[in-house]
Amino acid sequence: LPDAPSFFKNASVTVLPMAKPYIEVLKSIPFFSLPPGCEKDLCNYGGQFSEDTTVGPSRPLKIFYVGGIGGHYDLHPLLEATKLFRNCMLTLCVREKDWIQVIDEYAPFLNERTKVVHAAGADLGDYYRQADICSLVVGRNDYWAMAVPYKLYEYATYGIPIVATNLGIAADII
């Protein structure tokens, strides 16, 4: 990587066995530094989360997911669980174009406790403030053995507990 910062030219890299198939592909892709999990002014909620954090018969657990859907982002386990457990509400924030492609596949799992929204950036703040937990519950596939989604860091920046499928590096970080 001739244009890489000197730090990367001299760094040693440990390659996890499940990542080896991806290495040749990654060598051909230019890289750059990721921005922070979210902009400080957007995440500076000042402790403005809901004061009522007691989950019970009169107050369901509020779960928030933001990210991809379809392909590597198999959200069937998340939607199955939220349909099964009646004392929870799920806000699913996905790109509208992606949702349109999978709506028929996920329709059997939707109910009155599932809300699908399409938001990004500063528009996510209210959803984060309403959430009790954020979700990285996904189906198993090779991608998740090495994936660490950007949203993991955004969830952590907001200081909201994260529930995730035990699927590799992201689960190890949590």
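The values are calculated or read from the model by the stated rules, or taken from the named source; none is laboratory data. Being a predicted model, the structure only gives us computed values, none of them experimental. Cβ placement follows ideal geometry from the backbone for every residue including glycine, while neighbour counts extend to all protein chains displayed. Just so you know, the surface numbers come from the protein's heavy atoms only, side chains and all, with ligands and any DNA or RNA stripped out. Shrake-Rupley method; radii C 1.70, N 1.55, O 1.52, S 1.80 Å.
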Take the residues in the stretch 80-100 that are open to solvent by 90 Å² or more (accessible area, probe 1.4 Å) and at pLDDT 95 or above, then tell me which one is nearest to the chain's Cα centre (by Cα).
R95
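Quick one: in the stretch 122-155, of everything that is of a type in the set (S, T, Y), assigned to a helix (DSSP H, G or I) and within 8 Å of the chain's Cα centre (by Cα), which residue is surrounded by the most Cβ atoms within 10 Å (Cβ to Cβ)? First the steps, then the outcome.
Step one: list which residues in the stretch 122-155 are of a type in the set (S, T, Y), which gives 127-128, 135, 143, 150, 153, 155.
Now drop any that are not assigned to a helix (DSSP H, G or I), which leaves 127-128, 143, 150, 153, 155.
Remaining after also requiring within 8 Å of the chain's Cα centre (by Cα): 150, 155.
Values: Y150: 13, Y155: 28.
Selected residue: Y155.
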Out of all the residues in the stretch 101-119, is one or more open to solvent by 30 Å² or more (accessible area, probe 1.4 Å), aliphatic (A, V, I, L, M) and modelled with pLDDT under 90?
no
